[in-house]
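In what follows, a single structure is set out as structure tokens and then discussed.
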Amino acid sequence: MDTNLALLLLLAPLAGFLLNIFIGKKLSGNVSGILGSVAVAVSFAVTLKFFLQVNGGGEPINVNLFKWMTLANFDVNFAFQLDQLSLLWLMFVTGIGTLIHIYSISYMHGDENIHKYFGYLNLFVFFMITLVMGSNLLIMFIGWEGVGLCSYLLIGFWYKNHDFNDAAKKAFIMNRIGDLGFLIGIFIIGYLFHSVDYIDIKNAITSGNLDIDMTWLGIATLCLFIGACGKSAQIPLYTWLPDAMAGPTPVSALIHAATMVTAGIFMITRLNFLFDLTPDVQNIIAIVGAFTSLIAASIGLAQNDIKKVLAYSTVSQLGLMFLALGLGAYHVAVFHVITHAFFKACLFLGSGSVIHAMHGEQDMRYMGGLRKVMGVTFITFLISTLAISGLPPFSGFFSKDEILMTAFHHNKVLWVVGSIASIMTAFYMFRLLYLTFYKDFRGTEEQKKHLHESPSLITFPLIVLAILALVGGAISLPGHSWLNEYLSPILTNHIEHHELGTTAYMLMGIAIIGALIGIGIAYFKYIKQGFVPGKDEEITGFSKVLYNKFYVDEIYTAIIVKPIYALGAFFKNVTEVAFSGFIFGLGRLANALSTQGKVIQNGSIGFYLLVFVLGICSIIAYIFLK
Amino acid sequence: MENILEQIGIDNYIYLSTLLFCVGAFGVLYRRNAIVMFMSIEIMLNAVNLLLVAFSTYHQDAAGQVFVFFSMAVAAAEVAVGLAILVAVYRNIKNIDIDNLKKLKG
């Protein structure tokens, strides 16, 4: 029974994908949207059933379908595992997935390829479920590659725009770099443990008599972390995520904010017992996370594209999650993943609602005053903005505060970096809010006439997500944490418990004051002074550096792309010329020889006969006269 | 039979057939008319047949003469095929000069 239900959970989105791709063209857009939504909703319903079962003390569900392959000295099973961690992930993947599918029915209405859109979105959910449900690293890798593919397909969904295609390729290639690291990590782990199954590896470690080379284990976890860097957009592989905003906005919300980019965090949490053994790699993770958070937040300060701001904000928040992972506080990272999924999905969908009303305009310099016409969008956006800025009692406050508190107890420098990033977050999010919703409308008269609140299919998911962003913090309140108890079977290390003492309250106070300072500066600059960012060429000084994203793309072009082009040019102009000169030379030689030989075959029978007779004569002469 | 050989001598047969063979070979090389070339080839063939018969008698061995019968039968078949080709060529180009057959070269 459980096996069948688990298969239903896995295969419902795949069925949705197949139906939409093969017969979707004959269906109307709404039907194909409903088909896609129902497919994901079925998965959500099954997940909910399992979740309640496991949360109520039930055993994790293991489904072993068949033996997939036998390598040198270990077997790989095609098996799935529904334990506390994967069910938690599936809850918000399928839950938010369903909401975003519903949202898309209205948002993508009238697009000529809407059936493909829902097909790809369903395929994405299928691969995400595979990634999360798999019981070993190779099945996770199937999902890992699959979500990368769907991300590529959906970023480049409007394929007629060349820039969008380039963004899709960039995302795919950046991810490939990380994927290679992930794959190498899997190989090393397979070599060390003779298994890639989570439970086997965990048993090998907890049994106590572990006899493996720690250096190799360190290399393995570092490689896995590189994989996580690619998928979850950390330094140095983060540049694809802001460009990925080329895709339709619901895609950005689902893939590039709530679910796919958290795959790296899922993987590290899943393998927490491995990372706990390699403290050096954990330090690297914490430092990379903290600095990604700071740099992305600072770039976010100067962006004018509403989706770009949210993209850098996502990178920054993911950095905070990696900070928590690096400090060994996996439950805190998971907590922030969940609250972030709620408020960031809501923010993206809200920005989609704004873009919908503005007929595709994404530049905040031409928005403003939307509060008056888009009431629901504004309220939900405000709630989510307060949540991401870290103000109580919104969900973001609790999760961010836990991360900063953990950082404070481990490493003060990382705490300072994280806190600065949080203040910046509060600033740029309110900058976004003020520029978009306050003051007067700055677009054209034509646009102003068409401004409208979005239809209920768009506002319904916004309201649900805003409520979750408001109350989501309740799953792990300081002092009494449901989440920590729920996750305790997954995490091998004892969960650190921070007493609710003076330090904790002081840190909360600092965090709140920091957020208020950020908000205050934004209020002063954009409401009191009514400042509107100038045209691109008017930006000067440090904000120009920020606006141009620290010139990271240009630096990558200079130190990686250009040398590779130069190497390619070298091979093309020197090596290939030399080799092909040699090969073609041989060809020309054979050709020249055969041209000479051709003369002999002139078609004259008399000549043939003469040669024939002379030949016979010379043979006879040779035989008898030698 | 022995009388004939005694009277004439095997060497004269060899001279005759060598002469006939050379006449045939030069005919093939010199003439351009396909039928004449054919005749020359037949002369060469018969020169060889003559030599075979002469030696067969000389060695008192009938195998040589039997072999000549076979060779003549095969030659007859070959002539039939060759002449058929010549007729076909003539029907196409209205002459049988072998220089015209250069056109067959691809």
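Summed over segment A:305-328, the residues that are among the acidic types (Asp, Glu) and buried (at least 24 other Cβ atoms within 10 Å of the Cβ) give a count of 0. Scanning for something closer than 23 Å to residue A:273 by Cβ, touching a His at 6+ places or on another chain (Cβ under 7 Å) and either open to solvent by 30 Å² or more (accessible area, probe 1.4 Å) or not in a helix (DSSP H, G or I) (or both), does segment A:73-87 turn up at least one residue? Yes, segment A:73-87 contains at least one residue that is closer than 23 Å to residue A:273 by Cβ, touching a His at 6+ places or on another chain (Cβ under 7 Å) and either open to solvent by 30 Å² or more (accessible area, probe 1.4 Å) or not in a helix (DSSP H, G or I) (or both).
Being among the β-branched types (Val, Ile, Thr), surrounded by 15 or more Cβ atoms within 10 Å (Cβ to Cβ) and at pLDDT below 90 is the requirement here; does residue A:184 meet it? Here the answer is no, as residue A:184 does not meet what is asked.
Could you identify the single residue in A:358, A:367 that is in contact with a Ser or Thr (Cβ under 7 Å, 6 or more places away or on another chain) and modelled with pLDDT under 90? Testing whether each residue is in contact with a Ser or Thr (Cβ under 7 Å, 6 or more places away or on another chain) and modelled with pLDDT under 90 leaves just A:367.
With the condition kept exactly as written, say whether any residue in segment B:61-72 is of a type outside the set (D, E, K, R) and within 14 Å of another protein chain (Cβ to nearest Cβ). No, because not a single residue in segment B:61-72 is of a type outside the set (D, E, K, R) and within 14 Å of another protein chain (Cβ to nearest Cβ).
Step by step: first the residues of segment B:86-106, then only those that are assigned to a loop (DSSP other than H, G, I, E, B) and either of a type in the set (Lys, Arg) or more than 12 Å from chain A (Cβ to nearest Cβ) (or both), then the one that is most open to solvent (accessible area, probe 1.4 Å). Which residue is that? Only one residue tops the list, namely B:94. Listed by first and then second residue, the pairs with beta-carbon distance under 6 Å, at least 6 apart or on different chains, first residue in segment A:447-460 and farther than 12 Å from residue A:104 by Cβ, second part of a helix (DSSP H, G or I) and open to solvent by 50 Å² or more (accessible area, probe 1.4 Å), are A:454/A:356; A:459/A:376. Considered as a group, the residues in segment A:192-236 that are of a type in the set (Ser, Thr, Tyr) and in a helix (DSSP H, G or I) include one that is modelled with the highest pLDDT, and that residue is A:221. Checked against the criterion of being small (Gly, Ala, Ser), open to solvent by 30 Å² or more (accessible area, probe 1.4 Å) and on the phi > 0 side of the Ramachandran plot, the candidates A:375, A:360, A:390 yield just one match: A:360. If we scan segment B:73-83, do we find a residue that is part of a helix (DSSP H, G or I) and within 14 Å of another protein chain (Cβ to nearest Cβ)? Within segment B:73-83, one or more residues are part of a helix (DSSP H, G or I) and within 14 Å of another protein chain (Cβ to nearest Cβ). Of all positions in segment A:544-552, none carries a residue that is more than 30 Å from residue A:367 (Cα to Cα), touching a residue at least 24 places away in the same chain (Cβ under 8 Å), among the aromatic types (Phe, Trp, Tyr) and open to solvent by less than 60 Å² (accessible area, probe 1.4 Å).
In the set (1) within 14 Å of chain B (Cβ to nearest Cβ); (2) in contact with a helix residue (DSSP H, G or I) (Cβ under 6 Å, 6 or more places away or on another chain), the condition left unmet by residue A:508 is number (1). Out of curiosity, is residue A:5 crowded, with 17+ Cβ neighbours inside 10 Å and of a type in the set (A, V, I, L, M)? It is true that residue A:5 is crowded, with 17+ Cβ neighbours inside 10 Å and of a type in the set (A, V, I, L, M).
Residues satisfying the criterion are present in segment A:215-227 (criterion: in contact (Cβ under 8 Å) with a residue 12 or more places away in the chain, open to solvent by less than 30 Å² (accessible area, probe 1.4 Å) and within 20 Å of residue A:150 (Cβ to Cβ)). The residues of segment A:553-611 that are within 14 Å of another protein chain (Cβ to nearest Cβ) and of a type in the set (Phe, Trp, Tyr), listed by number, are A:607, A:608. Among B:25, B:47, B:54, which is the only one that is in a helix (DSSP H, G or I), within 13 Å of chain A (Cβ to nearest Cβ), on the phi < 0 side of the Ramachandran plot and crowded, with 17+ Cβ neighbours inside 10 Å? It is B:25.
Is one or more of the residues making up segment A:89-99 over 25 Å from the mean Cα position of the chain (by Cα), not hydroxyl-bearing (Ser, Thr, Tyr) and not in a strand (DSSP E or B)? So far as segment A:89-99 goes, no, none of its residues is over 25 Å from the mean Cα position of the chain (by Cα), not hydroxyl-bearing (Ser, Thr, Tyr) and not in a strand (DSSP E or B).
Each residue in segment A:137-172 was checked for being open to solvent by 30 Å² or more (accessible area, probe 1.4 Å), closer than 30 Å to residue A:74 by Cβ and within 12 Å of the chain's Cα centre (by Cα), and 2 pass.
The values are calculated or read from the model by the stated rules, or taken from the named source; none is laboratory data. Just so you know, these numbers come straight off a predicted model, no measurement behind them. A quick note on method: Cβ atoms are made from the backbone with ideal geometry, for glycine too, and the neighbour counts reach across all protein chains shown. Each accessible area value is taken on the protein alone, full model and side chains, heavy atoms only, with ligands, DNA and RNA left out. Shrake-Rupley method; radii C 1.70, N 1.55, O 1.52, S 1.80 Å.
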